[in-house]
């Protein structure tokens with residue numbers, strides 16, 4: 001991955017003050033990244049800041065605040081797939097294999113001449129990434145382009161169209177009408193991953209399942225429907241009482257927008273009276 005900037009002026013900031021416990025966590029995370037070869041010590045003029053983000057399991061994720069660097073980065077416009085288009089292609093399929101790439105972005109190298117631009121500072125030192133970090137502008141575009149090339153190569157091997165293997169960033173879905181086809185698709189994908197030296201997270205992979213959740217939708221040979229988790233989030237949302245609440249609710253339902261009735265969309269109009277009539281509820 002290349003990092004092209006609009007200025008030659010280095011981006012640098014002073015580190016945030018961290019508590020002792022936070023410093024200990026940062027040091028541990030940095031040591032892990034150093035041991036894995038994902039970062040290295042730096043003498044760069046660039047210096048972004050690190051922040052700790054709490055994960056659902058209570059652990060902390062080390063992130064770098066690249067907002068200042070991203071502001072002067074030339075943006076790529078490679079598109080991400082449309083989720084509705086992808087989900088519609090699952091109709092009629094009976095078996096589903098889901099593949100999850102381990103550490104996704106970290107498997108992609110940064111051009112050696114650009115690694116210094118990713119430099120960040122901690123209370124312990126100054127480091128830069130050798131692999132693509134999360135939060136960097138163009139990371140998603142670069143990764144999606146790579147995955148699409150791999151998918152296209154795998155499809156050509158099996159004489160499939162690129163649309164028959166679905167990919168959204170680090171998650172790939174191989175839908176098939178029978179087990180034989182599903183196994184051949186899997187074989188071709190694994191061969192391409194080996195060629196590109198990409199590794200899977202087996203704990204998040206599922207093979208030849210008759211029912212699977214993909215992009216917030218539960219899919220099986222019986223059809224496609226929103227996942228239970230997504231529906232619960234919608235059902236527990238309080239009844240909207242103003243235009244702002246309606247827009248928040250519609251945003252929450254964005255995965256299922258094609259299923260939203262016209263009366264609800266009309267409530268987004270400012271001139272429309274928000275009485276939430278019984279027929280609308």
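The values are calculated or read from the model by the stated rules, or taken from the named source; none is laboratory data. Not measured: the values here are computed from a predicted model. Here the Cβ is made from the backbone with ideal geometry for all residues, glycine too, and neighbour counts use every protein chain on show.
Quick one: in the range 83-111, of everything that is under 19 Å from residue 151 (Cα atoms) and in a loop (DSSP other than H, G, I, E, B), which residue is farthest from the chain's Cα centre (by Cα)?
Checking each candidate, the answer is 93.
Evaluate the range 63-82: report whether one residue or more is modelled with pLDDT under 95, assigned to a helix (DSSP H, G or I) and within 30 Å of residue 178 (Cβ to Cβ).
Scanning the range 63-82, I find no residue that is modelled with pLDDT under 95, assigned to a helix (DSSP H, G or I) and within 30 Å of residue 178 (Cβ to Cβ), so the answer is no.
With the range 202-272 as the region, which strands (runs of 3 or more DSSP E) entirely inside it contain at least 1 residues that are modelled with pLDDT of 80 or more and in contact with a helix residue (DSSP H, G or I) (Cβ under 8 Å, 6 or more places away or on another chain)?
Output list reads 206-209, 211-214, 217-220.
Collect the residues in the range 1-53 that are part of a strand (DSSP E or B) and under 18 Å from residue 119 (Cβ atoms), keeping them in residue-number order.
Quick first cut of the range 1-53, residues part of a strand (DSSP E or B) only: 5, 12, 39-41, 47-53.
Those that are part of a strand (DSSP E or B) and under 18 Å from residue 119 (Cβ atoms): 5, 12, 39, 40, 41, 47, 48, 49, 50, 51.
To keep it simple, each residue is scored yes or no on (1) touching a strand residue (DSSP E or B) at 6+ places or on another chain (Cβ under 6 Å); (2) within 20 Å of residue 83 (Cβ to Cβ); (3) at pLDDT 90 or above; (4) assigned to a loop (DSSP other than H, G, I, E, B).
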site: 113; (1), (2), (3), (4): no, no, yes, yes
site: 121; (1), (2), (3), (4): yes, no, yes, no
site: 126; (1), (2), (3), (4): no, no, yes, no
site: 136; (1), (2), (3), (4): no, no, yes, yes
site: 141; (1), (2), (3), (4): no, yes, yes, no
site: 145; (1), (2), (3), (4): no, yes, yes, no
site: 159; (1), (2), (3), (4): no, no, no, yes
site: 174; (1), (2), (3), (4): yes, yes, yes, no
site: 182; (1), (2), (3), (4): yes, no, yes, no
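So residue 77 fits all but one of (1) surrounded by fewer than 17 Cβ atoms within 10 Å (Cβ to Cβ); (2) within 30 Å of residue 223 (Cα to Cα); (3) in contact (Cβ under 8 Å) with a residue 12 or more places away in the chain; what number is the exception?
Unmet condition: (2).
Could you tell me whether any residue of the range 94-110 is in contact (Cβ under 8 Å) with a residue 60 or more places away in the chain, farther than 30 Å from residue 213 by Cβ and surrounded by 11 or more Cβ atoms within 10 Å (Cβ to Cβ)?
For the range 94-110, residues in contact (Cβ under 8 Å) with a residue 60 or more places away in the chain, farther than 30 Å from residue 213 by Cβ and surrounded by 11 or more Cβ atoms within 10 Å (Cβ to Cβ): present.
Output the residues belonging to the range 204-222 that are surrounded by fewer than 14 Cβ atoms within 10 Å (Cβ to Cβ) and without any contact (Cβ under 8 Å) to a residue 60 or more places away in the chain.
Of everything in the range 204-222, just one residue is surrounded by fewer than 14 Cβ atoms within 10 Å (Cβ to Cβ) and without any contact (Cβ under 8 Å) to a residue 60 or more places away in the chain, namely 222.
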